[in-house]
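One structure below.
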Amino acid sequence: MRPVRTALAGVLLGAVALAGCGQTAGTSATPAAPTPAASPAAFPVTVQAGNGAVTVPRRPEQIVSLSPSATESLFALGAGPQVVAVDDQSTYPAEAPKTDLSGFKPNAEAIIAKKPDLVVLANDVGGVVAALSKVGIPVLLEPAPTKLDDGYDQITDLGAATGNVAKAAEVVAGMKSRIEAATADAPRDRELTFLHELDNTPYSVTSETFIGQIYALFGLTNIADKAPDPAGGYPKLSSEFVAEADPDLIFLADTKCCGQSKETLAKRPGWGGLTAIEKDQVIPLDDDVASRWGPRVADLVEVVGDAVTKAAR
């Protein structure tokens with residue numbers, strides 16, 4: 001299995017605990033006026049993250065992000081100028097200060113060398129949270145969510161922790177508006193089945209996962225839900241299982257990493273006659289968008305909505 005599948009890797013590393021919900025602040029938790037940047041009076045602020053209550057004493061100016069999803073969210077909510085380093089998998093946006101820091105194998109000494117006043121990560125590997133907290137660095141653990149609402153909460157958390165409360169609220173509202181529009185317009189008069197392929201093994205996702213619940217918004221039936229071994233929501237499916245299920249739609253989240261396409265699928269044993277292939281309903285996804293839970297989740301929802309509309313014609 002490829003090492004850069006952010007959502008899947010988070011699960012395999014045991015990081016599927018729900019993200020923190022909401023935040024509580026100090027005496028003046030919210031600026032008097034909704035401005036993108038908080039005034040000094042807005043701090044200290046305490047955020048309920050995956051590692052409990054985290055107090056950020058002052059507006060951070062040296063943020064290190066070891067989570068691609070968090071990196072996308074930080075830049076979207078206006079905290080980009082405050083970010084000094086991101087991990088080696090944070091590929092978006094292009095201006096993010098990418099380094100050789102790893103979110104999968106975080107090195108506390110290397111992180112401390114960046115002199116951060118806030119660190120955001122998705123996995124607490126090797127006790128890195130405790131190591132950073134020990135030297136007084138605020139750390140937000142924001143693990144892979146299992147629900148859209150948890151993803152929204154993480155963006156809200158980051159907005160509070162960075163002094164960008166109003167912009168974070170704007171980002172969340174925009175996501176919700178786009179997602180509601182995409183799901184409301186999608187036809188539901190046909191029962192459609194689908195496969196979401198994480199890699200060409202193929203690993204997939206069940207409806208219990210964050211990505212799986214995106215498809216549930218459209219009333220689609222996930223063939224992976226009947227896998228013999230659900231494997232914590234990320235089952236490995238046999239070619240025979242997929243051929244027998246014969247999904248109406250196949251979504252490929254392994255186009256960049258593994259070069260998968262309708263043509264490569266057709267060459268797999270027993271797959272050439274699949275409904276999704278014969279009806280040209282194999283949908284290539286951007287691997288990164290399909291594995292992260294930041295603002296671009298709305299992009300994924302719209303792609304799924306377009307595919308469902310086309311298939312229902």
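The values are calculated or read from the model by the stated rules, or taken from the named source; none is laboratory data. The model shown is predicted, which means the values in this text are computed figures rather than measured ones. Counting neighbours? That spans all protein chains shown, and the Cβs are built from the backbone with ideal geometry, glycine included.
Taken over region 80-124, the criterion of being among the aliphatic types (A, V, I, L, M) and more than 18 Å from the chain's Cα centre (by Cα) is satisfied by Val83, Val84, Ala85, Leu101, Ala108, Ala110, Ile111, Ile112, Ala113, Leu118. I'm checking my understanding of the structure. Among residues of region 184-218 that are in a helix (DSSP H, G or I) and more than 19 Å from the chain's Cα centre (by Cα), which one is farthest from Asp280 (Cα to Cα)? Among those residues, the one meeting the criterion is Ala184. For region 255-301, taking the residues that are of a type in the set (Gly, Ala, Ser) and assigned to a helix (DSSP H, G or I), the one that is surrounded by the most Cβ atoms within 10 Å (Cβ to Cβ) is identified as Ala290. Residues in region 78-123 that are within 9 Å of Ser65 (Cβ to Cβ) and in contact with a Phe, Trp or Tyr (Cβ under 8 Å, 6 or more places away or on another chain): Val83, Ala96. Looking at region 40-145, the strands (runs of 3 or more DSSP E) lying wholly inside it that each contain 3 or more residues that are under 21 Å from Gly294 (Cα atoms) and outside the structural domain of Glu208 (by TED's automatic domain parsing) sit at 45-49, 63-66, 83-86, 118-121, 139-141. For Gly294, the stated conditions do not hold, so it cannot be described as out of contact with any strand residue (DSSP E or B) (no Cβ under 9 Å at 6 or more places or on another chain) and either hydroxyl-bearing (Ser, Thr, Tyr) or at positive phi (or both). Hey, can you tell me all the residues within region 219-236 that are surrounded by fewer than 23 Cβ atoms within 10 Å (Cβ to Cβ) and either assigned to a loop (DSSP other than H, G, I, E, B) or among the acidic types (Asp, Glu) (or both)? If the condition is that a residue be surrounded by fewer than 23 Cβ atoms within 10 Å (Cβ to Cβ) and either assigned to a loop (DSSP other than H, G, I, E, B) or among the acidic types (Asp, Glu) (or both), then Gly219, Asp225, Ala227, Pro228, Asp229, Pro230, Pro235 are the ones that fit. Restricting attention to region 198-253, the residues that are without any contact (Cβ under 8 Å) to a residue 40 or more places away in the chain, among the small types (Gly, Ala, Ser) and within 19 Å of Val308 (Cβ to Cβ) total 6. Scan region 80-117 for residues that are in contact with a Leu (Cβ under 7 Å, 6 or more places away or on another chain), crowded, with 20+ Cβ neighbours inside 10 Å and among the small types (Gly, Ala, Ser) and the total you get is 2. Restricting attention to region 214-238, the residues being at pLDDT below 95 and polar (S, T, N, Q) number 0.
For Val11, the conditions (1) outside any loop (DSSP other than H, G, I, E, B); (2) at pLDDT 50 or above all hold with the exception of (2). Among the numbered conditions (1) in contact with a Phe, Trp or Tyr (Cβ under 7 Å, 6 or more places away or on another chain); (2) among the aliphatic types (A, V, I, L, M); (3) at pLDDT below 95, the only one that Val172 does not meet is (3).
Condition check ((1) over 20 Å from Ile211 (Cβ atoms); (2) modelled with pLDDT under 95; (3) among the small types (Gly, Ala, Ser); (4) not assigned by TED's automatic domain parsing to the domain that holds Asp153) across all residues:
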residue	(1), (2), (3), (4)
Ala243	yes, no, yes, yes
Gly259	yes, no, yes, yes
Glu263	yes, no, no, yes
Lys279	yes, no, no, yes
Val297	no, no, no, yes
Glu302	no, no, no, yes
